[in-house]
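Engineer: Please see the structure below; I have some questions.
What follows draws every value from the coordinates through simple rules; no lab data is involved. This is a predicted model, so every value here is computed, not measured. Virtual Cβ from ideal backbone geometry, glycine too; neighbours counted across all protein chains shown.
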Amino acid sequence: MSGAVTKSVHDFDPLDEALRPPINETEEDRVIRQAQEAEARRVSQAIDDSIRAEKQAQKKKGIVRLLLLGQSESGKSTTLRHFQKLYTPTAFHEERILWRSVIQLNIVRSVRTILDALSEFRLPTLDSGGEDSDDGGTSIPHELEMLQMRLTPLRHIEALLIAKLIPPSEDEAASVIGSSAISAYHSHRSRSSDRSWRAQEVFVRPGATWKGALAKSTRTRPISLGNTGMQTRDEAQEVIHSCSYDIMALWNDRLVREVLRRRKIRLEESSGFFLNDLDRVTALNYTPNDDDVLRARLKTVGVSEYRCEMEAVAGRESGTEWRIVDVGGSRSQVPTWVPFFDDVDAIIFLAPISSFDQVLAEDRSVNRLEDSVLLWKAVCSNKLLANVDLVLFLNKCDILDAKLTSGIRLSKYVRSYGDRPNEMETASKYFRSKFSAIHREYSPLPRKFYGFCTTVTDTTTTAGILASVRDMVVRRHLKQSRLL
């Protein structure tokens with residue numbers, strides 16, 4: 001008896017119970033129920049047919065989906081801009097003037113970083129061992145104090161540019177330190193609030209919102225229609241121009257460079273660095289060139305999709321449509337990657353190998369290179385991506401070369417590097433072999449490894465690499481579509 005009870009419990013199907021017709025169902029109720037069930041099956045089948053038809057249509061049309069992955073500041077947005085420059089050059093050129101406000105903000109933020117470092121600096125006393133300290137020593141020289149005073153107008157310009165990029169009417173108003181961005185900016189008299197303010201970075205949501213706001217606020221014209229609407233007064237450019245000599249003096253001051261070195265602040269290694277081009281970018285008639293747009297830094301959160309159409313190939317009437325998706329790279333956004341793994345044709349993964357001696361902004365206990373390696377392992381091992389081509393960009397090789405040339409020892413931070421020569425060629429080969437080994441070991445199925453040492457701000461080299469990636473992805477896509 002107990003055995004029969006146990007069997008009935010195991011055989012119980014709650015779904016079957018829910019779908020079972022009512023015990024007291026009349027003939028009329030049965031006819032109505034069966035008609036409703038038939039209609040539900042028809043709708044479900046129509047949805048399935050529509051999904052299959054859409055996938056078939058996409059295959060015939062030749063839609064290629066490319067995903068850009070990597071940690072924050074790895075170069076994803078710059079790579080996306082490269083695609084725009086290469087394959088939709090007219091639109092890219094027309095939008096260059098809109099990037100002037102971003103570049104202005106990059107300059108002002110660089111100056112702000114220097115001034116903040118100086119405000120906490122004290123000249124060492126004779127018995128302090130040569131290290132600066134907040135507790136002892138004297139303040140900075142009078143000349144630098146005067147520079148600080150003369151550069152005070154840049155604080156107003158910083159707030160002005162943030163307001164330009166982030167319209168108050170948009171949800172993006174919360175994208176800078178909450179809703180009190182500008183008020184926090186003006187509270188620089190409080191040292192504690194000032195520190196918390198500058199720890200944040202301005203970011204916008206992807207899409208045309210911030211570009212539309214800039215176009216509306218500046219009333220600029222497309223570059224194809226004239227000299228970019230330079231007749232419109234630009235308060236930010238005027239103030240930066242009036243401060244240009246003081247900014248140059250600040251950046252070229254030997255004590256300033258020493259303070260930055262002690263604070264381990266390397267502005268020249270970060271994106272959005274323009275202090276070596278001040279003569280040009282602070283001119284009143286300054287218009288960003290292609291390289292400036294690629295170097296500009298504007299953090300985005302969320303997902304950005306860019307569409308472009310490649311040229312037609314033999315046997316096809318139209319070109320291949322590319323949908324390139326740039327997802328957020330901060331640690332909090334990594335879990336949002338997975339939904340985009342479905343139906344993707346290829347992934348470009350960017351690993352900034354120059355960051356071997358840096359830590360994550362979100363978690364200063366985690367080395368940035370180590371974080372890139374862990375992300376690469378996770379992507380390689382994901383079963384949803386077993387049949388997807390992975391293209392690795394070992395990025396920021398120019399910065400890596402500069403660091404190694406300056407004497408920074410790679411083996412100090414990467415113990416497994418051992419006593420290998422501390423030079424670019426050996427280091428890049430070492431990193432390529434390590435990432436290749438991870439790719440080979442963790443991939444669910446065997447697949448070819450595509451790895452490039454890149455500097456995505458290098459227009460010519462990156463264009464060649466992207467062309468190779470494009471050809472590789474298109475060939476594979478055509479084979480899967482049985483067109484080759």
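Engineer: Peptides 470-476, 295-301: what's the order by average Cβ count within 10 Å, highest mean first?
Structural biologist: With the highest mean Cβ count within 10 Å placed first, the list reads 295-301, 470-476.
Engineer: Continuing with this model, one more query. Apply the a/c threshold of 1.5 to the C-alpha gyration tensor of the stretch 355-428 and tell me whether it is rounded, prolate or oblate.
Structural biologist: prolate
Engineer: How many nm separate the modelled label positions at residue 143 and residue 307, each set 7 Å beyond the Cα in the direction of the Cβ?
Structural biologist: 5.8 nm
Engineer: Next up: Between residue 463 and residue 378, what is 0.36 nm times their sequence separation minus the Cα-Cα distance? Round to one decimal in nm.
Structural biologist: Additional length available on full extension: 27.8 nm.
Engineer: Which FRET efficiency, nearest 0.05, do residue 426 and residue 255 yield, Cβ-Cβ r, R0 41 Å?
Structural biologist: E between residue 426 and residue 255, to the nearest 0.05, is 0.70.
Engineer: As an exercise, use a Förster radius of 35 Å and the Cβ-Cβ distance of residue 39 and residue 386 to find the FRET efficiency, rounded to the nearest 0.05.
Structural biologist: 0.35
Engineer: Points 7 angstrom from Cα along the Cβ direction at residue 29 and residue 270: gap in nanometres?
Structural biologist: Going from the residue 29 label point to the residue 270 one covers 7.1 nm.
Engineer: Need the full-extension length gain, residue 440 to residue 279, defined as separation in residues times 0.36 nm minus the C-alpha distance. One decimal, nm.
Structural biologist: Roughly 53.1 nm would be gained on extension.
Engineer: Using θ = phi - 60° and the Karplus relation 6.51 cos²θ - 1.76 cosθ + 1.60, list the HN-Hα couplings for the stretch 246-251 in order, rounded to whole Hz, with x at every Gly or Pro.
Structural biologist: Values per residue, Gly and Pro as x: 5, 5, 4, 4, 5, 5 Hz.
Engineer: Using a ≥ b ≥ c from the Cα gyration tensor of the stretch 423-466 (square roots of the eigenvalues), is it rounded, prolate or oblate, where a/c under 1.5 gives rounded and otherwise the larger of a/b and b/c decides, a/b for prolate?
Structural biologist: oblate
Engineer: Averaging over every viewing direction, what projected area does the convex hull of the Cα atoms of the stretch 403-484 cover, in nm²?
Structural biologist: Averaging across all directions leaves 7.6 nm² for the Cα convex hull.
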